[in-house]
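All remarks here apply to the structure that follows.
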Amino acid sequence: MNIRTQLTLSYIGIVLLVLFSLGLYLGSALKGVLDKRITSELEVQASLTREFLIEQLPDKFTYEEIDNLVDRLGEAGKVRLTFIGSDGTVWGDTERDGEALIAMDDHSTRREVQDAKNFGSGMIDRKSTTTETKYRYFALPVERNQKLIGFCRVALPKETINSALGNQQRMLLYTGIVGLILAILIGIFSTGAIVKPIKKLTQITQSIAGGEISSRVEVKSNNELGQLLQNFNLMTDRVHEQIDKISVEKQRLETILNNMNEGVLLVNGASEITYANPAAVIMLNLPDMYVGRALIEINRIPELQALLNEAEQSADVAYAEIRLGNLMESEAEVTIVPVATESEYVIVIHDVSHVRKLERIRADFVANVSHELRTPLTTIHGYAETLLNSSTKSKKRKEFIVKILKHSARLSRLVSDLLELARLESGDVELKRSQCHLNSFHEPIMDIFEPVFDESELILKWDIPENLPQVNVDHQLLMQVFINLIDNAVKYTPDGGEIEVSAELSGTNSDVVNEVVVHVKDAGIGIPLESQSRVFERFYRVDTGRARKMGGTGLGLAITKHILLCHDGRIWLESELGQGTVFHFALPIIGQV
Ligand code: ADP
């Protein structure tokens, strides 16, 4: 049942109740008033008739005389009139004439007659034994000269009284019905006026619940309902403002979380993931539908689960360095922070693989550099000491001095390579760039390597197309790149082999040609797969003894890589053991094609 029907029904109920009680009260009050009025009318008529009879009645009378008088008076008063003698004989009656009148029984025992005799008047409602009709009787004694000569009785049929009463009651009922109809109409109208704004409010709340937060109610009046609507609009405005604020905060937080390098996860008390930022998804290799799934079930890392348990038990921040299988170097600093009151935990994963790798490289570098410096220094020291011993023959002395020279030259090469590398790595190398064609490097290279090629019967195939665009490079540094790569190719290619230098245009994106790629290919020993990613590290050698014997410092490729990085270039390799190696390097040619 809707509120309007409810209000209308209760309104009608109240009106009905009021009308019913009013009807009951008025009905009985009306009956009493009417009853009294009829009785007093009877009384008045009886008194008037009595006065008339006292005046008109002859001393000696006959039935006929009295009955005629009684009939006339009764007709004038529109009542039943009876004159009863003091002995109870009925002398005249408007209802009986002639024989019938004479035959009427003794009326002295009638209650009203007795009351009139004893108390001066008598009134009663009863059925007439004469006419078998219900009457209201009113009797008065008729006295002349202090002597009772009879009773004058006026009677009104009950039917007449009841019909008068019925008429009044009917009038009351009709008025009640009209009042009720009016009340219903007013009720419907006024409940409509109350319910309309409530209905509007309901519609608006529904549309707000459906997401239309900008909906507002139209306020037409200033009464309590109008104020309610006004307050509702104000409240919605506040909610709108708060939602705006929250969504801005949410967006801000989302941007931060989405762009963080650290992985951030939220798990509930049952260790189920409720949120993971993109970094966390990658770090833990989470599947698409990870929300609601237990962390341990998706990513079996017992240390992570143990750390979570620790945070749960201590209700405090837990921290550990954990190996995560999916990370490159798989080392991560994991911090778990319990969220107060929510029984949720924030897991922050910081990938420290890179830092650890750098730390390792630095430690390796120090160890390597010390080793590389110590070896020639020890040798030089040894030979110098021996030379001090004057007994050494002059032939040997020369040999020792040559060795000292050789090792000091190696030392100086090592130191200058290290300095060069440090300079390149520092990033503040000023490149003396100039436009040049890659073929311009052919002749100087041949000048350097021709004797070696002749000695080892190696063939250098230089195959760079003439129509290749020029590159904007530091000529001297790029020369170093060619020297390092060709020198390595020579060192690791057996005598009689072929070294090929070629180049082509290429693009990082299939539609755009934006770089020149140079290939230095040899038919040498090749580089094992596990070493391929490491040969660009400082001092890394595949075969340390062999490489050192070859005279390398172990810094050539590191320097090469950094020269190319300074030119915004790249270097990579392909190699197969026993088949040979191809070093590829790319140089950008932006805006030149
Ligand atoms: P090095 O001075 O020892 O040559 P590099 O940095 O130039 O140092 O090279 C690092 C290591 O990479 C070498 O020691 C060698 O083991 C390997 N290497 C480099 N170039 C080649 C190649 N063309 N064929 C096989 N191995 C190579």
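Here the sum of -39500 (n - 2.57) over DSSP H runs of 4 or more residues, divided by the residues of the chain, equals -18500 deg cm²/dmol at 222 nm, to the nearest 500.
Over the range 64-120, all Cα pairs binned in 10 Å intervals from 0 give whole-percent P(r) values of 25, 50, 24, 0, listed from short to long. Tell me, what % of the accessible area of the chain is carbon and sulfur with a 1.4 angstrom probe? C and S atoms contribute 55 percent here. At full extension, Leu419 and Ala294 could sit 39.7 nm farther apart than now, given 0.36 nm per residue minus the alpha carbon distance.
Using only Cα coordinates, the Kirkwood hydrodynamic radius of the range 3-164 works out to 17.5 Å.
Treating each Cα of the chain as one equal point scatterer and applying the Debye formula with no solvent, the log10 of I(q)/I(0) at q = 0.07, 0.09 Å⁻¹ comes out as -0.79, -0.96. Once the C-beta distance of Ala363 and Asn439 is scaled by a Förster radius of 35 Å, the resulting FRET efficiency is 0.20 to the nearest 0.05.
FRET efficiency for the Ser10 to Leu173 pair, using the beta carbon distance and R₀ = 25 Å, is estimated at 0.60.
The count of lysine pairs in the range 3-164 with alpha-carbon distances below 23 Å, taking only pairs 8 or more places apart or on different chains, stands at 19. The mean sequence separation of alpha-carbon pairs under 8 Å and at least six residues apart, normalised by the residue count of the range 261-351, gives a relative contact order of 30 percent. Using a simple spin-label model with pseudo-atoms 7 Å out from Cα toward Cβ, Glu212 and Leu182 lie 4.2 nm apart.
Taking the Cα atoms of the range 431-588, the ratio Rg/Rh between the radius of gyration and the Kirkwood radius comes to 0.95. With each label modelled as a point 7 angstrom along the Cα→C-beta vector, the Lys158-Lys36 pair spans 2.3 nm. Span-like helix criteria (full DSSP H runs; alpha carbon extent of at least 20 Å along the helix axis; mean Kyte-Doolittle hydropathy of at least -0.5) are satisfied in the chain by 3-56, 158-209, 353-388, 394-426, 475-492.
Our summary gives the chain a relative contact order of 7 percent, counting only alpha carbon pairs under 8 angstrom and 6 or more residues apart. Under 25 Å of direct C-alpha separation, and excluding same-chain neighbours fewer than eight residues apart, Lys395 reaches these lysines: Lys403, Lys406, Lys549.
Across all C-alpha atoms in the range 356-425, the radius of gyration and Dmax reach 16.3, 54 Å. Using a Debye calculation, one point per C-alpha and no hydration shell, please list log10 I(q)/I(0) for the range 354-493 at q = 0.12, 0.17 Å⁻¹ in order. Ignoring solvent entirely, the Cα scatterers give -0.80, -1.12. For the listed peptides 176-187, 404-415, a ranking on the average number of other beta carbons within 10 Å per residue, highest first, reads 404-415, 176-187. Which FRET efficiency value, to the nearest 0.05, is calculated for Lys403 and Leu505 with the Förster distance at 45 angstrom and r the Cβ-Cβ distance? That gives a FRET efficiency of 0.35. Listed peptides 535-545, 367-377, 442-452, 79-89 appear in the order 79-89, 535-545, 367-377, 442-452 once ranked by packing, highest mean of other Cβ atoms within 10 Å at the front. The length gained on full extension between Lys196 and Glu574, counted as 0.36 nm times the residue separation minus their Cα-Cα distance, comes to 127.9 nm. Under a 1.4 Å probe, what is the accessible area of the chain per residue, stated in Å²? Averaged over the residues of the chain, the accessible area is 59 Å².
The values are calculated or read from the model by the stated rules, or taken from the named source; none is laboratory data. A quick note: this is a predicted structure, and the numbers were derived from the prediction, not measured. Don't worry about glycine lacking a Cβ; one is built from the backbone with ideal geometry, like all the others, and counts go over all protein chains shown. Surface areas here come from the heavy atoms of the whole protein model, side chains and all, with no ligands, DNA or RNA. Shrake-Rupley method; radii C 1.70, N 1.55, O 1.52, S 1.80 Å.
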